[in-house]
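In what follows, a structure is listed as structure tokens, so that the remarks can point back to it.
The values are calculated or read from the model by the stated rules, or taken from the named source; none is laboratory data. Keep in mind that what you see is a predicted model, and the values were worked out from it rather than measured. We place every Cβ from the backbone using ideal geometry, glycine too, and count neighbours over all the protein chains shown. Keep in mind that these areas ignore ligands, DNA and RNA; they rest on the heavy atoms of the full protein, side chains included. Shrake-Rupley method; radii C 1.70, N 1.55, O 1.52, S 1.80 Å.
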Amino acid sequence: MTASAEFLPDDPLLHLLRRATYGPTPAAIAEIRRLGAKAWLERQLKPASIGDRVADGLVARFPLSGLTIDGIHAKVRAGVLPRYGWAPMYEVGGAALARAVWSERQLFEVMVDFWSNHLNVTCPSSDVWDSRPDYDRTVIRKHALGRFADMLKASARHPAMLSYLDNRYSTRAAPNENYGRELLELHTVGLGYTESDVKDAARLLTGLTVSWETGRYRYDAGRHATGAVRILGFRHANKSATGGEAAAMALLDHLALHPATAKRIATKLCVRFVADEPPARLVTRLTKVYLDNKSAIVPVLRALFTSAEFAASVGAKTRTPYEDLVATVRILDHGPEKSGTEAIKALYWTSEAAGQAPMAWAPPNGYPDVATAWASPSGQVVRWNAHLNIAAGWWPTTLRRPSPLTEYAGGTLPATYGALIDAVATRLLGRTVAPAHATALAAFYGKTLASPLRSGDAAAGWAFPYLLALLLNSPYFVLR
Amino acid sequence: MTDCGCRVSRRTLLGAGAAGAFAGLVGDQLATQLAFASPSYGGDVFVLLSLRGGFDGLSAVVPAGDPAYYAARPGIAVPRKQLIGGDSYFGLHPALAPLLPYWKGGSLAAVQAVGQPAPNRSHFAAMEELERAAPGTSLRTGWLDRLMGGLGAAGAFDAVSVGGAMPARVLAGPAPDLGLTGIDRFKLSGEGHGRPMADTMAALYAGAPEALARTTAMTTSALATAATLKAAGYTPANGAAYPDTELGRALRDVARLIKANVGLMTACVDSGDWDMHENLGTAAPGKRMYDHLADLAAALAAFARDLGPGGLGRVTLITISEFGRRVGQNGSGGLDHGYGNAMFVLGGGVKGGKVYGRWPGLAASRLVDGDLAVTTDYRAVIGEILRARCGLTNVAGVFPGVSASTLGLVRSR
């Protein structure tokens, strides 16, 4: 067995690109080499400063993904959309996939995905048919690089979260504990609360509900359970029904800035960006940065990506199925289709078949983010098949594909199979593969590394995409 | 898209084992609490057939002795004279005729008024709860995964779900499992004569870190097994004719895996589209419920026939659904989401020809918000089967806080 790091190029810029984005593209590699790591990272941390014409254009092809709750209800009234229809939610998924592949604001999109899992509201799912697009825009995307306390409060006042975790049905006579429990266990402090904490949180959250007429959030003082509460060090007299909403927001601020929450979010960020079992000292340091900055995320990310632990973590992450799929399209440098959404939908269904369509995880804990969770033969076969289908242009069929040999092997026909394999590996992986692996790739074509490559050979023509796929199937690509 | 979204393959939506997220938390701990009769598995192959969308158990196992049933469903009740099988109180829907021999022969039983411990009428939340089967706990694994962990499942073909590329949600967790859209379709794109994709992958993962190498070894071995099965072809035994439907094809593949002795311990199959809010129809061919039940019965009968008495002797199949449907029909000639339900149990060890469970009655005062009450926890029924047929001694290890039912619906193995 070999250490994971030995499968990856020894290049800190490529390491940063593989972690802070959905995977390198030729343009991104050129850019980070031009700017250097520091300037590249600072640019990514200010997404509003980055023009994003291509992604904006693609998102515009999913117009339902941008609808407000009122907008969806208006379309239902106009007979344009069916009540309880799923189309807007699928468009949110399609837009997410398009942005993951083609947005220039890569770190922002990765963080949107991170928070979509942290404050998971499954998309699509029937109880958020009218609110999930709005949740994506006004809760997750709005605060993805802001303060967590603000995002948490926005989620607590959003119909999507209140519907998904049943708080809309919670009343003072019969408090529903679902949201209260997940708020503590998943959204903030993690395991370690008591049942009394859950009960008091559920009581304090009564009144935060959804209007049946409009689908909008509303605070209903008539449903609020008054009376003193104590939740993980938070105390509130909670005397008046009309003051219930403010009291609930005070709890959320308390929870967002709780040291256990800080540690939990620091840990999750490290699991996403550094290692499945993150270095304890880095987690401790990031926890402090989070608390010192009142839950602002940018300082935490800056500290993470500039840390020695991050630099030393090459090979410590494995791509999840979704990351693998998006990284495949990116490194192959396929352009979006000229019009329509057929290819993006095909990619969406591929990610669904691999078990990780964007935002579609059903339980409230969000997709698992560690390699062991995804180590399944079925999943591997789906990924391997996707690599060839995409590289060969079999499915999706409408992506704009570069001219294969020119793009991946450098324009002129390499003289031997060994040279072909080296050229393509360097283009896709940033390095050549070990001699034994190169030999196996040549053997796939029934050749040796020294065999001359002729222009009429299958390997230089119709069978060329197999080489792309085999390299993308290999440990060199699956590691992030 | 139907309103519940149940036709989206739930297993791929919910997909993906989530081992790492739970390993070291509760999942492992629970798995080690399980104790099986024998170290090498010698129990039944346990087949879980999920009827997605909310199956109407009252149409399938009709409480003909309860006048409230006919009063509540003036347009869609199954007339007493059309009922088949059953007993003095219940009758089976006529579309289930292909299963009548198994009912009469004693290898098919039903349990009435089963369900989850608390009503949950959201498809989404109810399915999630059904498959996690651990209310009031922080467990996020599927119950079948917890069972497989206890069985010591180690190979890709130990636990299989057929119908989607990723394993069913009920298998989510650390134990190994395999999702198949079908045996013949489990293959590498591009693999062919002169293009040894799988062999090349095995070579490319030589020397890879342990975790990656292990998965790849399992993948290439599973691909090889599937290729062998595919090359051998398959002709169902005893003249069994599976319907050419998704369910028929899936059960055919399950039978194929059972007979091929690839190590199968459990299999999951879905049958969707039971969400009939409108036009459920009368008990006549061409009507929605009739045709759905007819497909279900034809597929199950073919499965039983294909396995033969010997094969069926080491198989137990159960049907479950996230909830039953409302007792009273709605204004659209359909049924809204309800609560209590019926489940079927098919297998050589079943003491069949009988409807089990305590019948709560359909009188208004007996209903739970208009729905059939649940008198038996579905987990207790499954627990009884797993204990008697699969050697499970600690039911609470799979279903926290649950004891096996004592209905006596299967013989001990």
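Derived scalar couplings between HN and Hα for the range B:344-353 equal 9, 10, 10, x, x, x, 7, 8, x, x Hz in order, rounded to whole Hz, by the Karplus curve 6.51 cos²θ - 1.76 cosθ + 1.60 (θ = phi - 60°), x for Gly and Pro.
Electrostatic tally near A:Ala241: other residues with Cβ closer than 11 Å to its Cβ, Lys and Arg +1, Asp and Glu -1, net +1. Per the Debye calculation on the range A:191-298 with a single equal scatterer at every Cα and no solvent contribution, log₁₀ I(q)/I(0) for q = 0.10, 0.12, 0.13, 0.16 Å⁻¹ amounts to -0.40, -0.55, -0.62, -0.81. Restricting the calculation to Cα atoms, every distinct pair contributes to the Kirkwood radius of the range A:90-136, found to be 11.2 Å.
Please go through the residue pairs B:Lys187/B:Lys259; A:Lys75/A:Lys153; A:Lys153/A:Lys317 and name each one whose alpha carbons sit more than 22 Å apart in this structure. Among B:Lys187/B:Lys259; A:Lys75/A:Lys153; A:Lys153/A:Lys317, the Cα-Cα distance tops 22 Å for A:Lys75/A:Lys153; A:Lys153/A:Lys317. Based on DSSP H segments of at least four residues, each scored -39500 (n - 2.57), the protein assembly as shown has a per-residue ellipticity at 222 nm of -12500 deg cm²/dmol. Short-range pairs are left out: with C-alpha atoms under 8 Å and at least six residues apart, the relative contact order of the range A:404-478 is 33 percent. Shape of the range A:146-244 from the C-alpha gyration tensor: oblate (a/c of 1.5 or more and a/b not above b/c, with a ≥ b ≥ c the square roots of its eigenvalues). Largest to smallest in accessible area, the residues B:Arg140, B:Arg387 fall in the order B:Arg387, B:Arg140 (1.4 Å probe, all protein chains included).
Within the listed set B:Thr181, B:Thr216, B:Thr316, the Gaussian network model of chain B (springs between alpha-carbon atoms below 10 Å) gives the highest mean-square fluctuation for B:Thr216. With R₀ set to 30 Å, the beta-carbon distance separating B:Asp199 from B:Tyr234 gives a calculated FRET efficiency near 0.75. Ligands, DNA and RNA left out, the accessible area of the protein assembly as shown computed with a 1.4 Å probe is 55% carbon and sulfur.
Compared with the direct C-alpha span, the chain from A:Ala311 to A:Ser240 gains 20.3 nm at full extension, assuming 0.36 nm per residue. For the residues of B:115-126, the average number of beta carbons from a partner chain within 10 Å of their own beta carbon is 2. Structure remark: mean-square fluctuation, Gaussian network model of chain B, C-alpha springs under 10 Å; the largest value among B:Gly281, B:Gly142, B:Gly207 belongs to B:Gly207. Its residue count N sets the reference 2.2 N^0.38 Å, and the alpha-carbon radius of gyration of the range A:51-100 equals 1.22 times that reference. Peptide A:2-8 has a mean of 3 when you count, residue by residue, the C-beta atoms of other protein chains within 10 Å of its C-beta.
Considering only Cα atoms, the convex hull volume of chain A works out to 144 Å³ per residue.
Size check on the range B:6-398: the Cα extents along the three principal axes, sorted descending, read 70, 46, 38 Å.
Where does the range A:19-63 land on Rg/Rh, using Cα atoms and the Kirkwood Rh? My calculation puts Rg/Rh at 1.03.
Amide H to amide H distances under 5 Å link B:Gly333 with B:Asn279, where only residues 5 or more positions off or on other chains count and H is placed in the peptide plane. For the peptides B:332-340, A:288-296, A:93-101, the ranking by mean Cβ contacts within 10 Å, running from highest to lowest, is A:93-101, B:332-340, A:288-296.
At a probe radius of 1.4 angstrom, the accessible area of the range B:6-398 per residue rounds to 32 square angstrom. Taking all C-alpha pairs of the range A:351-480, those more than 24 Å from each other amount to 36 percent. Computed over chain B with a Gaussian network model linking Cα atoms closer than 10 Å, the most mobile of B:Ala134, B:Ala168, B:Ala227 is B:Ala227.
Close amide H partners of B:Phe323, meaning residues 5 or more places away or on another chain with modelled amide H under 5 Å apart, are B:Gly54, B:Phe55. With Rh defined as the Kirkwood radius, the inverse of the mean 1/r over Cα pairs, the Rg/Rh of the range A:293-348 is 1.16. In a DSSP loop and with at most 11 other Cβ atoms within 10 Å, the chymotrypsin sites (Phe, Trp or Tyr not before Pro) in the range A:186-273 are A:Trp212. Extending 7 Å from the Cα toward the beta-carbon at both A:Trp462 and A:Thr448 defines two label points whose distance is 2.8 nm.
Taking 0.890 mPa s as the viscosity and 25 °C as the temperature, the Stokes-Einstein diffusion coefficient of the protein assembly as shown based on its alpha-carbon Kirkwood radius rounds to 85 µm²/s.
The charge dipole of the range B:6-398, taken about its Cα centre with unit charges on the Cβ of Lys, Arg, Asp and Glu (plus for the first two, minus for the last two), comes to roughly 600 debye.
Using a probe of 1.4 Å on the protein chains alone, the accessible area found for A:Trp349 is around 110 Å². The Rg/Rh ratio of the range B:322-413, with both radii computed over alpha carbons and Rh defined as the Kirkwood radius, is 1.05. Restricting the trypsin sites (Lys or Arg not before Pro) of the range A:219-271 to loop positions (DSSP other than H, G, I, E, B) with no more than 16 neighbouring Cβ atoms within 10 Å leaves A:Lys239. Each listed q (0.18, 0.27 Å⁻¹) maps to a log10 I(q)/I(0) for the range A:404-478 from the Debye sum over equal C-alpha point scatterers, namely -0.60, -1.50.
Modelled label positions at A:Ala60 and B:Arg214, each set 7 Å beyond Cα in the direction of Cβ, lie 5.0 nm from each other.
This model, with +1 at the C-beta of Lys and Arg and -1 at the C-beta of Asp and Glu, gives chain A a dipole about its Cα centre of some 840 debye.
Loop-only chymotrypsin sites (Phe, Trp or Tyr not before Pro) in the range A:1-71, please: DSSP not H, G, I, E or B, and at most 10 other Cβ atoms within 10 Å. Nothing satisfies the criteria.
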